[in-house]
Ligand code: ZN
């Protein structure tokens, strides 16, 4: 791996402004490139380093793409910096948790094929995820060489008038040029989309290497070993791509802001409803129903909005409930510990 400056790695004023005077003298900023159970691989101008978490942080609190400050003389994280953007999902399985997938992603590339795979509602859902994360969406239409892309481009314009769209042949070396305006020095890209649309092919075109060679052999104090797959990989022309298994399973969770942004037209209409809690299902004085009546709002769009709101509510409710439960449990534990301390006296 060649040498990178902090700016190459994506360091910017957003992060610099979080440092106090002492930090500026002693702290070493580093960007998280991979996370293992009890340690993380970070990238710094001095090269990659394996670091451990301090007591107040665990692997679940840190995401690929995060900026951290390392302690001056040890290979340990001192502090996690606030994120510019954050991609999360509801953890798979029973655990109702909000799980971080990636941090500080500038552009969310929504990869879709000019084929039967194409689904405007699915792209709209990814637009919500991008808006909620705080990143810029970019639709990347693949396999556009195999079909006439114009019907797909029309459908995309119906979903979003201002989201940029590029068409690429993911297998071609030219693919990197098509997305170059969204990559480059210090910029971070992540790709989402169904399997089979060409995400892996595009990732390989951007990084210039095949998946199988992505794990590299390295030396460290414990001897020579194969490090785990790095999830933050450099793009040939500059910039970074986040490539984690979690990106395949991004979902809506606490995504109200993102829904509000992508469906700003519906939310603006709802402001005009007579009742503040109008459900737009036949209440008198409903401005949303009136817009459908006059043809200014597509009923299919309202339907898609409803589905996303319901999906987000389901995912967010269980997460919020579990958080409240954990909080109550934490209070009980703290009380028991405090009582025990009082009973047993100091020094225990
Ligand atoms: Zn209404």
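List of remarks:
- Only strands (runs of 3 or more DSSP E) whose full extent lies in segment 2-67 are considered here, and the ones with at least 3 residues that are buried (at least 19 other Cβ atoms within 10 Å of the Cβ) are 28-35, 39-44.
- Condition check for residue 123: closer than 19 Å to residue 203 by Cα and either without any contact (Cβ under 8 Å) to a residue 40 or more places away in the chain or not in a helix (DSSP H, G or I) (or both): no
- If the condition is being touching a residue at least 12 places away in the same chain (Cβ under 8 Å) and within 12 Å of the ligand (Cβ to nearest atom), then segment 261-276 contributes 266, 269, 270, 271, 272, 273, 274.
- Residue in segment 139-161 that is without any contact (Cβ under 8 Å) to a residue 60 or more places away in the chain, surrounded by fewer than 22 Cβ atoms within 10 Å (Cβ to Cβ) and under 19 Å from the mean Cα position of the chain (by Cα) present: no
- Against the conditions (1) at pLDDT 95 or above; (2) under 18 Å from residue 253 (Cα atoms), residue 138 satisfies every one except (2).
- Matching residues in segment 45-62 - criterion: being touching a helix residue (DSSP H, G or I) at 6+ places or on another chain (Cβ under 9 Å) and within 19 Å of residue 82 (Cβ to Cβ): 53
- The set of residues from segment 277-305 being over 26 Å from residue 119 (Cα atoms), more than 8 Å from the ligand (Cβ to nearest atom) and within 32 Å of the chain's Cα centre (by Cα) comprises just one member, 277.
- All conditions in (1) crowded, with 19+ Cβ neighbours inside 10 Å; (2) within 29 Å of residue 68 (Cβ to Cβ) hold for residue 205, with the sole exception of (2).
- Scope segment 101-122; condition over 17 Å from residue 183 (Cα atoms) and surrounded by 22 or more Cβ atoms within 10 Å (Cβ to Cβ); matching residues: 101, 112
- Residue count for segment 288-300 satisfying the condition of being surrounded by fewer than 18 Cβ atoms within 10 Å (Cβ to Cβ) and in a helix (DSSP H, G or I): 5.
- In the set (1) under 26 Å from residue 123 (Cβ atoms); (2) within 16 Å of the ligand (Cβ to nearest atom); (3) surrounded by 15 or more Cβ atoms within 10 Å (Cβ to Cβ), the condition left unmet by residue 258 is number (2).
- Residue match in segment 236-247 (condition: exposed (fewer than 13 other Cβ atoms within 10 Å of the Cβ), at pLDDT below 90, at positive phi and more than 16 Å from the ligand (Cβ to nearest atom)): no
The values are calculated or read from the model by the stated rules, or taken from the named source; none is laboratory data. Computed from a predicted model, the values in this text were never measured in an experiment. Neighbour counts are summed over all protein chains in view; Cβ atoms, including those assigned to glycine, are modelled from backbone coordinates with ideal geometry.
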